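Below is one structure, written out as structure tokens, with a few remarks after it.
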Amino acid sequence: MTAEQWTLDAADGDLVLHTGVTGSAARMGHRLTIAMRSWRATVDWDAEQPAAVEVTVELDSLEVLAGEGGMTPLAGPEKALVRSNALKTLQAKRFPRATFRSSSIERGTDSWRLTGTLDLGGRSSEQTVDVDVVRDDAGWHLSGAAVVRHSDHGIKPYSMLMGAMKVADEVRVTLAARAF
């Protein structure tokens, strides 16, 4: 195989955020599932090994899918409010994109571990992403996961009730995609 590049986007899979809730009133809050509807990943290949990966996410594309827990179900108007609060928390008008760029890629048996830099909210931090890989006649099936911390980027998590309920510092990010 010669050097080539893959380009993946939301048409190829799902990039989803999973939040938690902390604080003495955490039972009142929702654990959110949020889809990022506009993202793009490029994978540069060198023979059978990925050589570089870059992922860019348009923060304004976030869509609140569900809220588990909480005192009341998360309906349309509440989802719109959650979206608005999330965009303010992320300062999406000032910093409209999050970008991950790999600096090293380690190959496992059926996985890759990507280490690199995540730029979010005007700050950069080291980030590790684990990607499971299955190749079959239909192409490649990729599933990845990482934990992103608000505190690594100077982002103050959304809170209510004078901090008695707030979004947890750690947000789990998952990716499920197919490459052909």
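The values are calculated or read from the model by the stated rules, or taken from the named source; none is laboratory data. Treat the numbers as computed from the prediction; the structure is a model and nothing was measured. Methodologically, a virtual Cβ is constructed for each residue, glycine included, from the backbone with ideal geometry; neighbour enumeration extends over all protein chains shown. We work out accessible area using only protein heavy atoms, side chains counted, and drop any ligands, DNA or RNA first. Shrake-Rupley method; radii C 1.70, N 1.55, O 1.52, S 1.80 Å.
Per residue of the chain, what 222 nm ellipticity follows from adding -39500 (n - 2.57) for every DSSP H run with n ≥ 4, rounded to the nearest 500?
Taken over the chain, the calculation gives -2500 deg cm²/dmol.
Return the lysines within reach of LYS93: Cα separation strictly under 17 angstrom, same-chain partners fewer than 8 residues apart disregarded; answer none if there are no such residues.
Excluding near neighbours in sequence, the set is LYS156.
Counting only C-alpha contacts under 8 Å and six or more residues apart, can you give the relative contact order of the stretch 53-102 as a whole percent?
65
Mind checking which of THR109, HIS18, ALA47 is farthest towards the positive end of the stretch 1-133's charge dipole, using Cβ charges of +1 (Lys, Arg) and -1 (Asp, Glu) about the Cα centre?
So the residue furthest toward the plus end is HIS18.
Under 9 Å from the Cβ of LEU87, count the other residues' Cβ atoms, weight Lys and Arg +1, Asp and Glu -1, and hand me the total.
+2
Accessible area of the chain with a 1.4 Å probe: how many percent of it is carbon plus sulfur?
Percent of accessible area from carbon and sulfur atoms in the chain: 52.
Straight-line reach from LYS79: which aspartates and glutamates have Cα under 17 Å away, leaving out those fewer than 8 places along the same chain?
Qualifying aspartates and glutamates at Cα under 17 Å: ASP60, GLU63, GLU68.
Could you work out the relative contact order of the stretch 36-180? I mean the mean sequence separation of Cα pairs under 8 Å and 6+ apart, divided by the number of residues, in percent.
Rounded, it is 16 percent for the stretch 36-180.
Strictly greater than 18 Å: what percent of every Cα pair in the stretch 1-79 meets that?
The share of Cα pairs beyond 18 Å in the stretch 1-79 comes to 57 percent.
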